[in-house]
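Contents: one structure, followed by commentary.
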Amino acid sequence: MTERIECVQGDIAHQADIDTVVNAANAQLRSGGGVAGALHRAAGPALAEACRPLAPIRPGQAVITEAFALPNRHVIHCLGPVYGVDEPADELLAACYRHALELAERHGVRSIAFPALSAGAFGYPPAEAARIAISTVLTTLPRCPGIERVRFVLFDATSRDLHQRTLATLE
Ligand code: AR6
């Protein structure tokens, strides 16, 4: 299983060899800071237009759009829990990864890149977020035979190392 999962340092908006990228969205599916800002800027205004009829979404939900000017085929938008507000936070965060993978599988996606959902503006403690992210991908992937590659794209080396260590521990 772990040969299908990799952790890299980088920008989620620059994953040209990946079929589908995951957005750390807000409920209104609008542009914002962090991941959502980077993806909407790179995709162009057509992404916000495609998102409008799909909003609002609930914590744990995932929806799919085209990727427009991004170098990918689709964007899957997930609303992670706001830490300390949306409960149960662990189940809602796990639901994001599970729903994103299931949606990707239904759309014939072969490779998908995730950022660290909820671990930025939404305040989820990074180590706990990484444990939930990786354990959920490990338990969901066996039901997604079409997905050959899952890439975690982490903004800094500390977060990349955290995800790599977590993967080594849980595999
Ligand atoms: N590529 C990869 N990772 C990134 C990038 C990037 N370009 N930019 C930030 N990160 P966040 P959230 C990291 O805040 O916590 C938005 O404003 C970041 O360092 O993007 O789910 C939305 O509009 C952190 O580790 O997502 C929502 O309102 C992780 O990605 C809200 O923030 C997630 O940070 C969503 O908050």
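We did not get these values from a lab; they are worked out from the coordinates using the rules stated. Note that the structure is a prediction, hence the values are computed from the model and not measured. Positions of Cβ are generated from backbone atoms using ideal geometry, with glycine treated the same way; all protein chains shown enter the neighbour counts.
3J(HN,Hα) along the range 115-128: x, 7, 4, 6, 8, x, 4, 7, x, 5, x, x, 5, 5 Hz, from the Karplus curve 6.51 cos²θ - 1.76 cosθ + 1.60 with θ = phi - 60°, whole Hz, x for Gly and Pro. Bridges between two residues of the chain, per DSSP, are antiparallel at a rate of about 25%.
Computed from point charges on the beta carbon alone (+1 for Lys and Arg, -1 for Asp and Glu), the dipole magnitude for the chain about its Cα centre is near 280 Debye.
Of R165, R73, how do they rank once you tally other Cβ atoms within 10 Å and put the fewest first? Intermediate values should be presented prior to the final figure.
Values: R165 14, R73 17.
Placing the least packed residue first, the sequence is R165, R73.
Note on A16/A127: beta-carbon distance plugged into 1/(1 + (r/R0)^6) with R0 of 41 Å gives a FRET efficiency of 0.85.
Quick one: if you take sqrt(5λ) for each eigenvalue of the C-alpha gyration tensor of the chain, what semi-axes come out, biggest first, whole angstrom?
Numbers: eigenvalues 92, 65, 47 Å².
Equivalent ellipsoid of the chain: 21, 18, 15 Å, largest first.
Over all distinct Cα-Cα pairs of the range 30-125, the Kirkwood formula returns a hydrodynamic radius of 13.7 Å.
With N as its number of residues, the range 25-70 has a Cα radius of gyration that, divided by 2.2 N^0.38 Å, comes to 1.04.
Pairs of Cα atoms nearer than 8 Å and 6+ residues apart set the relative contact order; for the range 34-166 it is 21 percent. Couplings for the range 40-51, taken from phi via the Karplus curve 6.51 cos²θ - 1.76 cosθ + 1.60 with θ = phi - 60°, read 5, 4, 6, 6, x, x, 4, 5, 4, 5, 5, 6 Hz in order; Gly and Pro are left as x.
Scalar couplings 3J(HN,Hα) for the range 154-171, obtained by applying the Karplus form with A = 6.51, B = -1.76, C = 1.60 to θ = phi - 60°, are 10, 6, 10, 5, 4, 5, 4, 4, 4, 5, 5, 5, 5, 4, 5, 6, 8, 5 Hz; x denotes Gly and Pro.
Stretched out straight at 0.36 nm per residue, the stretch from D156 to R30 would grow longer than its current Cα-Cα span by 42.9 nm. Mean-square fluctuations from a GNM of the chain, with a 10 angstrom spring cutoff on Cα atoms, peak among D86, D156, D19 at D156. Residues within the reach of a label modelled at Q9 (point 7 angstrom out along Cα to beta-carbon, backbone nitrogen below 16 Å), restricted to the range 129-160, are 152-160.
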